[in-house]
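The values are calculated or read from the model by the stated rules, or taken from the named source; none is laboratory data. Fair warning: this is a prediction, and the values are worked out from it, not measured in the lab. Quick reminder, even Gly has a Cβ in these numbers, built from the backbone with ideal geometry, and neighbours come from all protein chains shown.
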Amino acid sequence: MRDIPVASGGSGIRHLYLLLAGGAITYALLNTVLLASLIGDFASRGAVKTAALGLFFAAGFVGVMFGLSVLPPILQIVLRVAMTVSVTINFTLYLVSQMPVTRPTVSWLQAELGHGFAALQEFGGYILASLAAAVALTALLAVLQGRAHRWLQHHGRPWAAVWVPRCGVALLAAVPASAGLASMAWPAFAAQAESNLYAFGALTALYKSPASAAVTALPIRRPASEKIVLVVDESIRPDVFLQKIGRRHESDMVMFENGWSTANCSASSNALLRWGVRRNDIGKPHDPRSNTTIWTYALAAGFKTVMIDGQSAAKPQNFMRPAELAQIDEFVPMKSGVDTDLQVAQLLLKRLAIPGKEFIYINKRGAHFPYDANLPPVLQRLSATRQDKYEAAVAYSTGRFFDTLLSNEGGLDRATIFYTSDHGQYLGRGGTHCRGQHAQEYEVPIAVLGAQSDFLNAVRTASRCWSGGTSHQNMRTSVIESFGYARADLEGELFPALTTCVDQPVVPRFNGTLPFPASSSEVIPFSMEPARGTVPSTDATS
Ligand SMILES: [Zn+2]
């Protein structure tokens, strides 16, 4: 205290003003994203919401500036560390994908936690820079807070010395709590960086989750085969798939050109393959979790349901709720290093050899960034370009998967296999997917292979006349069709199946982080996007 050059009267209060100004600037820097939303886009937000955000920001500042310093030292340390962690996530998320931390992005971060270590490796530089900035700013704020608090105790009016810290503590507790409430009414609400991770994290635990629907019509014919398999690869581009795998196995599979995933992130994409998108719901408030799941269709058709997850060592992921997990007869976590995909192919061949109706959903390891992590050390080349590393990872993981699967004469005699990737891959600078700025994030391979059957013949015939784009949702309808359902029964609400000639100029696309709402009035950001001519092939490697 003695080192602060305060005098009584006017020059003393000026010192407090300087501390407050310094604190406000530091706090504003911590909350850059929130402030940007306060300043920008005024027209679509309106005066009342802007004023509310301004008040919210001011309340947060008073809480942090005057509330923290009176708490017990151990609690102060815990809160300052928690604050630094939250601010680091805010900065990192913004640097990597220009997204603010909102209620949907926190739920999405939780769902993508399985890729957390990969993100740590790929975006280590961004994370370190964010951490350094967060530590520096929170430390500076701690110094300014301490000095302002001591000024108040030594030079402030007696009532202020008592009541300002009390109000500060109250605001410190109230602001994060009200962030949750505000977010329920306004999902894109941006709360203070120092607490939003926790406020929204707590909120996700309170989500109400609707029951999924039953089937409306039963299967009318025999399934396409005893085993129906849906292989969802990870981060596979269609051009690299064709070059490294497709050409070599051209006679083994029916490939659809111009394939598009519904979402550009792993969790949303897998979830929307399982839950589906109903054509008439697009643009309207709805919850895709209330759709009939792919498991419901399989079970009603007499299939045993199996999920083999090459990206999980224990628990299911990608927005899987307990109620949905209960629809899966057998969950097989198979994450086991760079040879995961090879082992998945071997296990699949064994299962295909045993008679009995099974629907097997596979999450492959594929080629998620960092690409070197999908290669054994002898194949890792530090000096290789991003594109070269990526191609090597695809060849190693997915190439060996197909080589194994197709090496065995008669191995697929009981099977119809649908193959795609959860999303595509942008190989330019920054994030490779989950960003929404590049069409390549949605470009995926779509192929069907397996035993000769009327179903596969219909797919082959249709592939020759199919034009426009082919969506994950078309493939999903076909997976369900292959269980034995009538196409006409499905196409009433779902997208057309792959067994018929379709000219589809637009495909459904989800461009957000969370594929389900928190309130009944929220409209999930699905749109119908042009399916051709959107991506000049030359910028693939830009
Ligand atoms: Zn993915």
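Observations
- Some residue of the stretch 132-146 being within 20 Å of Phe200 (Cβ to Cβ), part of a helix (DSSP H, G or I) and either touching a residue at least 12 places away in the same chain (Cβ under 8 Å) or more than 16 Å from the ligand (Cβ to nearest atom) (or both): yes
- Enumeration of residues in the stretch 247-274 that are within 16 Å of the ligand (Cβ to nearest atom) and assigned to a loop (DSSP other than H, G, I, E, B): Ser261, Thr262, Ala263, Asn264, Cys265
- Only residues that are modelled with pLDDT of 95 or more and away from the ligand (no atom under 16 Å from the Cβ) were counted in the stretch 415-434, giving 4.
- Filtered residues of the stretch 215-246 (kept if more than 27 Å from Cys265 (Cα to Cα) and either part of a loop (DSSP other than H, G, I, E, B) or within 16 Å of the ligand (Cβ to nearest atom) (or both)): Val215, Thr216, Ala217, Leu218, Pro219, Ile220, Arg221, Arg222, Pro223, Ala224, Ser225, Glu226
- Selection count where residues are over 46 Å from the mean Cα position of the chain (by Cα) and basic (Lys, Arg), scope the stretch 137-171: 1
- Of the helices (runs of 4 or more DSSP H) that lie entirely inside the stretch 382-499, those containing 2 or more residues that are touching a residue at least 24 places away in the same chain (Cβ under 8 Å) and within 20 Å of Leu242 (Cα to Cα) span 386-394, 400-405, 454-465, 472-482.
- Test: residue in the stretch 346-360 that is within 16 Å of the ligand (Cβ to nearest atom) and of a type outside the set (Val, Ile, Thr): no
- Residue that is farther than 17 Å from Val232 by Cα, at pLDDT below 95 and of a type in the set (Gly, Ala, Ser), where the choices are Gly302, Gly283: Gly283
- Pairs with Cβ under 6 Å, 6+ apart, first in the stretch 12-34 and touching a residue at least 40 places away in the same chain (Cβ under 8 Å) and farther than 24 Å from Leu131 by Cα, second aromatic (Phe, Trp, Tyr) and surrounded by 15 or more Cβ atoms within 10 Å (Cβ to Cβ): Leu16/Trp151
- Some residue of the stretch 291-302 being part of a loop (DSSP other than H, G, I, E, B), within 22 Å of Ala214 (Cβ to Cβ) and under 19 Å from the mean Cα position of the chain (by Cα): no
- Hey, Arg400 of a type in the set (D, E, K, R), under 22 Å from Ser97 (Cα atoms) and away from the ligand (no atom under 16 Å from the Cβ) or not: no
- Long-range neighbours under 8 Å by Cβ, at least six apart or interchain, first residue more than 19 Å from Pro530 (Cβ to Cβ) within the stretch 244-272, second among the charged types (D, E, K, R) and away from the ligand (no atom under 16 Å from the Cβ): Lys244/Glu391; Val254/Arg460
- Members of the stretch 343-369 found to be out of contact with any strand residue (DSSP E or B) (no Cβ under 9 Å at 6 or more places or on another chain) and buried (at least 20 other Cβ atoms within 10 Å of the Cβ), listed by number: Ala345, His368, Phe369
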